[in-house]
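Peer 1: The structure's right below; bear with me while I get my questions together.
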Amino acid sequence: MKREVLVCDHQSRVAVPPAWLVGMEQAGVAAADQIVNRFLIDPQAPLAELECVEVALVDDSESDRVHREFMGIEGATDVITFEHGEIVIGVEVAKRQAGEYDEPELRELLRYLVHGLLHLAGHEDEAEADRAVMEAAQEALVAELWPRLSDPS
């Protein structure tokens, strides 16, 4: 199946270069394919059938609104995933976390994209054991994809 990942910047608080959007789209397609082939938890999970995943980059205000409206939790968050194939990424959260962990901002955005795709593949992160499995898959994919995203030549 040919899969598409569309990444759109819906905020103006953090500069996101157009090349980052293109790179994330390409990395997202590669990540989705790898996840379906290697890390699919449930064959009925949405990612197995989705032809298009839409990713919205939002600011803290919008992240907080979506978090409250759909999850009943106050505050901006890193990533929220909807089963119909939409991933909402908090860009300001990514910027703060990247600074805290001394990571490039684009790598942190990639991590959130992979995290959202793993949720679409049936991964959960509420229980500690599930979170450990999800994080292992996430970090393996980020390590695999980052060299291509950070140096597209």
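Peer 1: Considering only the stretch 140-151, I want to know if a residue exists there that is more than 25 Å from residue 18 (Cα to Cα) and of a type in the set (Asp, Glu). Show your work before the answer.
Peer 2: Step one: filter the stretch 140-151 for residues more than 25 Å from residue 18 (Cα to Cα), giving 140.
Imposing the further condition that a residue be of a type in the set (Asp, Glu) reduces the set to none.
No, the stretch 140-151 has no match at all.
Peer 1: Step by step: first the residues of the stretch 24-37, then only those that are free of Cβ contacts under 8 Å to residues at least 60 places away in the same chain and more than 14 Å from residue 7 (Cα to Cα), then the one that is surrounded by the most Cβ atoms within 10 Å (Cβ to Cβ). Which residue is that?
Peer 2: The residue in question is 33.
Peer 1: Filter the stretch 122-140 down to the residues that are over 18 Å from residue 78 (Cα atoms) and buried (at least 16 other Cβ atoms within 10 Å of the Cβ) and list them by number.
Peer 2: Matches in the stretch 122-140: 122, 133.
Peer 1: Output the residues belonging to the stretch 55-93 that are part of a helix (DSSP H, G or I) and touching a residue at least 60 places away in the same chain (Cβ under 8 Å). Show your work before the answer.
Peer 2: First pass over the stretch 55-93, keeping only residues part of a helix (DSSP H, G or I): 60-71, 91-93.
Result: 91, 92.
Peer 1: Moving on. Residues that are within 15 Å of residue 24 (Cβ to Cβ), among the charged types (D, E, K, R) and either part of a helix (DSSP H, G or I) or free of Cβ contacts under 8 Å to residues at least 12 places away in the same chain (or both): does the stretch 110-121 have at least one?
Peer 2: Looking only at the stretch 110-121, we keep the residues that are within 15 Å of residue 24 (Cβ to Cβ), and these are 110-117.
Pick out the ones that are also among the charged types (D, E, K, R) and you get 111.
Filter again for either part of a helix (DSSP H, G or I) or free of Cβ contacts under 8 Å to residues at least 12 places away in the same chain (or both), leaving 111.
Yes; the residues of the stretch 110-121 include at least one that is within 15 Å of residue 24 (Cβ to Cβ), among the charged types (D, E, K, R) and either part of a helix (DSSP H, G or I) or free of Cβ contacts under 8 Å to residues at least 12 places away in the same chain (or both).
Peer 1: Residues 142, 93: which one is at pLDDT 95 or above and in contact with a Ser or Thr (Cβ under 7 Å, 6 or more places away or on another chain)?
Peer 2: Details: 142 fails: in contact with a Ser or Thr (Cβ under 7 Å, 6 or more places away or on another chain).
It is 93.
Peer 1: Hey, residue 149 hits all of (1) crowded, with 19+ Cβ neighbours inside 10 Å; (2) modelled with pLDDT under 95; (3) over 18 Å from residue 29 (Cα atoms) but one; which does it fall short on?
Peer 2: Only one criterion is unmet by residue 149, namely (3).
Peer 1: Please state which of the following conditions residue 116 fails to meet, knowing it meets all the rest: (1) at pLDDT 95 or above; (2) of a type outside the set (Asp, Glu); (3) farther than 17 Å from residue 36 by Cβ.
Peer 2: (3)
Peer 1: A follow-up question, please. If residue 50 satisfies every condition in (1) assigned to a helix (DSSP H, G or I); (2) within 20 Å of residue 124 (Cβ to Cβ); (3) in contact with a helix residue (DSSP H, G or I) (Cβ under 8 Å, 6 or more places away or on another chain) but one, which is the exception?
Peer 2: Of the numbered conditions (1) assigned to a helix (DSSP H, G or I); (2) within 20 Å of residue 124 (Cβ to Cβ); (3) in contact with a helix residue (DSSP H, G or I) (Cβ under 8 Å, 6 or more places away or on another chain), the odd one out for residue 50 is (1).
The values are calculated or read from the model by the stated rules, or taken from the named source; none is laboratory data. Computed from a predicted structure; not experimentally measured. So basically every Cβ, Gly included, is an ideal-geometry build from the backbone, and we count neighbours across all protein chains shown.
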